Amino acid sequence: MKIILTIFTSLLLLASCGADTATPPVTTESSQKTILALGDSLTAGYGLPITDSYPSQLEARLREKWYNYRLINAWISGDTTAWLLSRLDWALEGDTPSLAILCIGANDAFQGKSVEDIEKNLRQIIEKIRAKNIPILFAGMKAPLNLGGEYGKSYEAMFPRLAKEYDLVYMDFFLEWVALKANLNQDDRIHPTREGYAIVVENLMEILEGEELVGK
């Protein structure tokens, strides 16, 4: 009888271990952390259902890996650094997020804004977020080719320079492995498809986990 009981107990333990690997742990709203996604149409998922945007896909990917995070998508299509700066206090109201993902500046370049003005706005945005003690994952962008080589060099050098100065976790190019690939972008050749954003999400996950910006 003692032997049978021991075997039965061992089977129960094995079953419970198997269940743990099959389903995520039970979490509560009070234990849930938030990530604030700040940006423009690239954050909004322009042209796609909201569920296909990178914040929605990233939230789903985090949950798949048992990270209890909710993404707050604080985007406006067409947003520039100046517009984001003007509404940032509102976006930062309420509970403090665990992380901010900052991807902004593409529309400034498309509009030919001066790099000096873009940088000035980015500095103020970064400093406002840092004042709330929110870690930042800062994403760099590439300049449109039609603006010329000198503008492009100055614009693209701005992002890593700011990341280094403010000691931010840096993503070299938000659309790495996606930009200019017809099968991963919509007809405008600018905004990714669902499949394109899935690649963006995997790139983000590599940074989030590698830099220990998320925790269980």
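The values are calculated or read from the model by the stated rules, or taken from the named source; none is laboratory data. Since this is a predicted model, take the numbers as computed values, not measurements. Cβ: placed from backbone, ideal geometry, glycine included. Neighbour counts: every protein chain shown.
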Residues being within 16 Å of LYS113 (Cβ to Cβ) and free of Cβ contacts under 8 Å to residues at least 40 places away in the same chain - total across region 154-171: 3
Residue within region 140-156 that is out of contact with any Asp or Glu (no Cβ under 9 Å at 6 or more places or on another chain), surrounded by 14 or more Cβ atoms within 10 Å (Cβ to Cβ), of a type in the set (A, V, I, L, M) and part of a loop (DSSP other than H, G, I, E, B) present: no
Enumeration of residues in region 33-77 that are over 24 Å from GLU195 (Cβ atoms), at pLDDT below 95 and part of a loop (DSSP other than H, G, I, E, B): ILE76
The listed residue being in contact with a Leu (Cβ under 6 Å, 6 or more places away or on another chain) and more than 14 Å from TYR54 (Cβ to Cβ), out of LYS142, LYS128: LYS128
Among residues of region 80-104, those that are over 23 Å from ASN203 (Cα atoms) and surrounded by 13 or more Cβ atoms within 10 Å (Cβ to Cβ), counted: 10
Sole residue being in a loop (DSSP other than H, G, I, E, B) and either touching a helix residue (DSSP H, G or I) at 6+ places or on another chain (Cβ under 9 Å) or free of Cβ contacts under 8 Å to residues at least 12 places away in the same chain (or both), chosen from VAL200, VAL214: VAL214
Test for ASN133: is it outside any loop (DSSP other than H, G, I, E, B), at pLDDT 95 or above, more than 15 Å from the chain's Cα centre (by Cα) and over 24 Å from VAL201 (Cα atoms): no
